[in-house]
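*Asks:* Please find one structure pasted underneath; my questions will follow.
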Amino acid sequence: MTVAILYQEGLKEYDFGSGHPFRGDRFDSFMQFLAKRLPPDAHYKILTALAAGEDDLSLICDRDYIDFVKQYYQALANGWMAYYEGVSHYLSVDNQPAGNSGQIEQAARLIIGQARTAVDLVQRGQYPKVISVGGGLHHAKQRFGEGFCVYNDVAFAALYAIRQYQLERVLVIDTDAHAGNGTAEYLRGHPGVLYIDIHQDPRTIYPGTGFASETGVGQARGLTVNLPMPPQAGDAAYKLAFDEIILPVTREYRPQLLIRCGGSDPHFNDGLTNLGMTAEGFHMMGEKVRAMSQVCAGKQIDLIASGYNAQVLSHVWLSLLSGISDWPLKIEEPFPVPDNVEPETALLATRAMLEEVKRHHRPFWKCFR
């Protein structure tokens with residue numbers, strides 16, 4: 001099976017500057033790492049996409065927000081000003097470049113364009129799986145950018161698939177270590193999207209959302225499934241979460257399209273997080289996601305960008321994507337695995353959390369009754 005990978009040089013401009021955790025060189029580094037370990041013959045084909053236009057952005061953002069961030073990031077990229085009036089109304093501090101930033105807004109439009117193209121390629125039957133390098137900007141909201149995210153391509157992909165192809169059941173699974181608070185705001189009331197978010201316990205990490213008790217609102221009650229993992233939860237805990245919650249719900253929901261986002265930050269040596277996954281565990285996660293996609297004839301879009309240890313990122317991304325795409329690769333662990341990377345207390349806490357999730361969702365899902 002040939003997988004499409006959406007990538008282009010312009011993605012390197014999604015760069016918040018020296019000293020910032022999110023630098024644009026991650027994308028080219030990963031593509032070089034991939035090419036050395038797996039040639040793009042029958043395994044994958046690299047494609048490009050056109051940048052998003054105003055109509056695309058208007059699907060997920062207010063007009064004044066689009067206008068502001070375009071002007072703001074352009075001004076900073078050109079070195080015109082260190083201060084911009086009204087910035088705090090539209091952008092959090094961590095979305096304000098530390099210096100020498102790239103053309104962030106232009107690159108963000110490329111990422112939305114890739115999400116659009118990914119949906120088109122899958123829904124038109126050209127590729128069963130499409131990977132968007134640079135995607136997964138799940139903290140961005142309708143009129144506010146935060147968490148290194150400007151435009152939310154995760155929400156865009158789901159909403160575009162519904163609008164353009166009249167899909168009735170889209171499943172979005174977010175495996176990033178941080179809860180996708182922006183995506184949740186877009187989707188928690190939408191009756192056509194099941195949003196599953198597995199992340200570090202929000203009491204211990206930004207953005208402080210994504211509790212097990214949050215199940216969706218209105219006609220979408222039961223369609224938000226949060227799995228807040230305890231600190232140090234690793235491979236065994238994630239396997240439990242997939243086997244006991246994620247896979248049963250997926251089979252019952254019967255999605256027509258699967259969208260996954262998330263990068264390497266659940267790794268035990270990430271730097272900004274406190275989870276315990278290994279490179280081998282990410283391969284297992286990829287296999288679980290591939291099993292999920294079998295419910296919808298393998299139709300899956302993958303959005304990948306996050307991770308905050310440059311020595312870990314490429315190894316883990318490729319291990320994850322190898323599991324998703326069934327590539328013949330075994331990726332080495334970039335750091336020695338600590339003896340107690342996943343203590344028994346983390347597994348016990350995970351089991352307790354999964355029971356809480358089942359309790360909150362029992363009214364909505366037969367698989368938990």
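The values are calculated or read from the model by the stated rules, or taken from the named source; none is laboratory data. The shown structure was predicted, so the numbers you read here are calculated from the model rather than taken from an experiment. FYI the Cβ positions are ideal-geometry reconstructions off the backbone, even for glycines, and counts take in every protein chain you see. Note: accessible area is taken over every heavy atom of the protein model, side chains too, but ligands, DNA and RNA are not part of it. Shrake-Rupley method; radii C 1.70, N 1.55, O 1.52, S 1.80 Å.
*Asks:* Per DSSP H run of at least 4 residues, take -39500 (n - 2.57); add these up for the chain, divide by its residues and hand me the 222 nm value, nearest 500 deg cm²/dmol. Show your work: numbers first, answer last.
*Replies:* Values: 12 runs with 140 residues, N = 369.
So the helix-based figure for the chain works out to -11500 deg cm²/dmol.
*Asks:* With a point put 7 Å past each Cα toward its Cβ, work out how far L348 is from D62 in nm, to one decimal.
*Replies:* If labels sit at L348 and D62, their model points lie 4.8 nm apart.
*Asks:* Turning to a different aspect of this structure: Calculate, in nm to one decimal, what K70 and S18 gain on full extension: separation in residues at 0.36 nm each, minus their alpha carbon distance. Intermediate values should be presented prior to the final figure.
*Replies:* Values: separation 52, 0.36 × 52 = 18.72 nm, distance 2.09 nm.
Separation in residues times 0.36 nm, less the Cα-Cα distance, equals 16.6 nm.
*Asks:* Roughly speaking, what % of Cα-Cα pairs in the stretch 139-242 are separated by over 22 Å, rounded to a whole number? All intermediate terms of the calculation are to be shown ahead of the outcome.
*Replies:* Values: 1576 of 5356 pairs.
Roughly 29 percent, once rounded to a whole number.
*Asks:* How many percent of the accessible area of the stretch 278-318 is carbon or sulfur, using a 1.4 Å probe? It would help to have the intermediate numbers written out before the result.
*Replies:* Working: 520 of 1140 Å².
Ligands and nucleic acids excluded, carbon and sulfur reach 46 percent.
*Asks:* In the Gaussian network model of the chain, springs joining C-alpha atoms below 10 Å, which of A161, A241, A75 carries the largest mean-square fluctuation?
*Replies:* Greatest mean-square fluctuation among the candidates belongs to A75.
*Asks:* Scanning the chain for helices, which whole DSSP H stretches are 24 Å or more long along the axis (Cα) and average -1.0 or more by Kyte-Doolittle?
*Replies:* 104-123, 344-361
*Asks:* Rounded if a/c is under 1.5, else prolate if a/b beats b/c, else oblate: with a ≥ b ≥ c from the C-alpha gyration tensor eigenvalues square-rooted, which is the chain? Write down the numbers at each step before the final one.
*Replies:* On the way: a/c = 1.30, a/b = 1.23, b/c = 1.06.
Rounded.
*Asks:* Using a probe of 1.4 angstrom, how much of the accessible area of the stretch 1-93 is carbon and sulfur, in percent?
*Replies:* Details: 2530 of 4720 Å².
The value for the stretch 1-93 is 54 percent carbon and sulfur by accessible area.
*Asks:* Still on this structure: Taking +1 at the Cβ of each Lys and Arg and -1 at the Cβ of each Asp and Glu, which of M285, A161, G145 sits farthest along the dipole of the stretch 145-300 towards its positive end, judged by Cα position relative to the Cα centre?
*Replies:* A161
*Asks:* How much accessible area per residue does the chain have, counting only protein heavy atoms and a probe of 1.4 Å, in square angstrom?
*Replies:* Working: 13980 Å² over 369 residues.
I get 38 Å² per residue for the chain.
*Asks:* With the full set of protein chains in place, find how many percent of the accessible area of the stretch 174-236 is carbon and sulfur; take the probe as 1.4 Å.
*Replies:* The C+S portion of the solvent-accessible surface of the stretch 174-236 is 49 percent.
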